[in-house]
1. Does at least one position in the range 11-21 carry a residue that is within 19 Å of the chain's Cα centre (by Cα), assigned to a helix (DSSP H, G or I) and of a type in the set (Val, Ile, Thr)?
2. State which residue is surrounded by the fewest Cβ atoms within 10 Å (Cβ to Cβ) when the search covers only the range 48-61 and only residues that are among the hydrophobic types (A, V, I, L, M, F, W, C) and under 12 Å from residue 85 (Cα atoms).
3. Regarding residue 66, is this residue closer than 15 Å to residue 139 by Cα and assigned to a helix (DSSP H, G or I)?
4. Within the set of pairs 6 or more residues apart or between chains, which connect a residue that is under 18 Å from residue 93 (Cβ atoms) and without any contact (Cβ under 8 Å) to a residue 24 or more places away in the chain inside the range 1-29 to a residue that is hydroxyl-bearing (Ser, Thr, Tyr) and outside any strand (DSSP E or B) with Cβ atoms less than 8 Å apart?
5. Working carefully through the options 43, 28, find the one that is surrounded by 15 or more Cβ atoms within 10 Å (Cβ to Cβ) and more than 21 Å from the chain's Cα centre (by Cα).
6. Given (1) buried (at least 16 other Cβ atoms within 10 Å of the Cβ); (2) basic (Lys, Arg); (3) in a loop (DSSP other than H, G, I, E, B), where does residue 112 come up short, assuming only one miss?
7. List the pairs whose first member sits in the range 94-107 and is exposed (fewer than 15 other Cβ atoms within 10 Å of the Cβ), whose second member is polar (S, T, N, Q) and not in a strand (DSSP E or B), and whose Cβ atoms are under 6 Å apart, counting only residues at least 6 apart or on separate chains?
Amino acid sequence: MKFAEFYSGQVIEAGRYTVSEEEILQFATAYDPQWFHTEVETAKQGRFGGLIASGWHTCGIAMKLLVPAALAGSESFASPGLKYVKWPNPVRPNDVLSLRATVLDARRSSSRSTLGILHWRWQLFNQDGAEVLDLEATSLFDLS
């Protein structure tokens with residue numbers, strides 16, 4: 001989508017992504033090697049009662065769903081960061097995730113007219129409707 005297509009209150013829904021146990025283990029082994037992400041048997045005895053995905057993995061899945069739905073072919077070039085990120089429920093093997101992105105504000109910079117600023121909220125939900133990711137991001141667009 002082009003920046004001009006975004007507007008306040010817009011809701012973008014994307015994807016159905018199934019998370020495998022193998023993917024959880026591979027990501028965690030490489031980037032977040034905590035036992036509840038990497039040790040299947042030990043995780044069964046833990047607080048979550050089984051293996052769960054890293055929150056950072058969950059963020060990556062959200063991005064994977066969002067790019068083809070909203071950012072592919074856009075003028076987006078960077079993000080200065082997130083206002084917050086929350087993982088209210090864990091992602092488990094075989095969860096099927098879907099994304100809802102809500103545009104909070106889309107405007108041109110007051111100091112640089114060729115800069116578009118998009119504030120939006122991304123939420124991921126599992127197949128039962130439980131929210132597994134909630135974040136607020138800012139994306140920058142080059143409008144020159």
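Read-outs: derived from the displayed coordinates by stated rules, not from any lab. The structure presented is a predicted model; accordingly, all values stated were derived computationally and were not measured. Positions of Cβ are backbone-derived with ideal geometry, glycine not excepted, and every protein chain shown enters the neighbour counts.
1. no
2. In this case the residue turns out to be 56.
3. Yes, satisfied.
4. 29/38
5. Step by step, each of 43, 28 is checked, and only 43 is surrounded by 15 or more Cβ atoms within 10 Å (Cβ to Cβ) and more than 21 Å from the chain's Cα centre (by Cα).
6. Condition (1) is where residue 112 drops out.
7. 96/127; 105/8
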